[in-house]
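Novice: Below are the structure tokens for one structure; questions will follow.
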Amino acid sequence: MPRRTTEKALTAVIQEAYIPGISTRSVDDLVRAIGKDGVSKSQVSQLCGEIDERVHDFLTRPIEGDWPYLWLDATYVKVRQAGRIVPVAVTIAVGVNSDGRREVLGVAIGASEAETFWLDFLCSLIGTPSSLASACARVGRPSRMDRSSSPCSVPDASA
């Protein structure tokens with residue numbers, strides 16, 4: 001196997017092990033178990049920093065084109081914050097464009113699925129140059145919400 005392919009595979013193994021919270025010491029043990037020299041904490045951090053860059057690029061990319069259908073969902077996962085394990089809401093927006101192609105349009109993490117969190121999430125999607133705003137409008141808003149105080153402009157679904 002060429003050296004570059006081996007390095008890519010090793011990087012993927014380290015990143016996959018680190019993401020679910022395996023300690024850097026355990027990652028080092030894993031690397032040694034597959035017959036390679038160990039890996040330092042700084043090397044693991046650097047490799048996992050590359051994941052952060054890719055995620056940032058994905059989340060900040062422009063969403064272009066027409067997305068007439070939008071599905072929203074959330075689930076709760078436990079994460080470590082300030083030394084404690086706490087549940088957080090992970091939300092996802094999946095759109096289908098006018099050609100029928102499905103794509104993840106956005107992902108966000110919040111303390112709960114409170115109305116303000118959903119609104120912020122939708123506003124972050126609407127801020128993109130697309131017809132996604134009309135799809136978001138079809139989701140509708142609770143009637144008790146004061147549209148004049150909204151941090152973003154969502155067309156009225158009944159219009």
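Novice: Using θ = phi - 60° and the Karplus curve 6.51 cos²θ - 1.76 cosθ + 1.60, what whole-Hz ³J(HN,Hα) does each residue of the stretch 62-70 get, with Gly and Pro shown as x?
Specialist: x, 9, 10, x, 9, 10, x, 10, 9
Novice: Now for a separate question. Enter the accessible area of residue 18 (Å², nearest 10), with the probe set to 1.4 Å and all protein chains included.
Specialist: Estimated to the nearest 10 Å², residue 18 gives 80 Å².
Novice: For labels at residue 5 and residue 57 in the simple 7 Å Cα→Cβ model, what's the distance in nm?
Specialist: 2.3
Novice: Under the rule of at least 5 residues apart or a separate chain, name every residue whose amide H is placed under 5 Å from the amide H of residue 106.
Specialist: Residues meeting the amide H criterion: 93.
The values are calculated or read from the model by the stated rules, or taken from the named source; none is laboratory data. Quantities reported herein were computed from a predicted structural model and do not represent experimental measurements. Please note: Cβ atoms are built from the backbone with ideal geometry, for glycine as well, and neighbour counts cover all protein chains shown. Side chains are part of the model used for accessible areas, which takes the heavy atoms of the whole protein and leaves out ligands, DNA and RNA. Shrake-Rupley method; radii C 1.70, N 1.55, O 1.52, S 1.80 Å.
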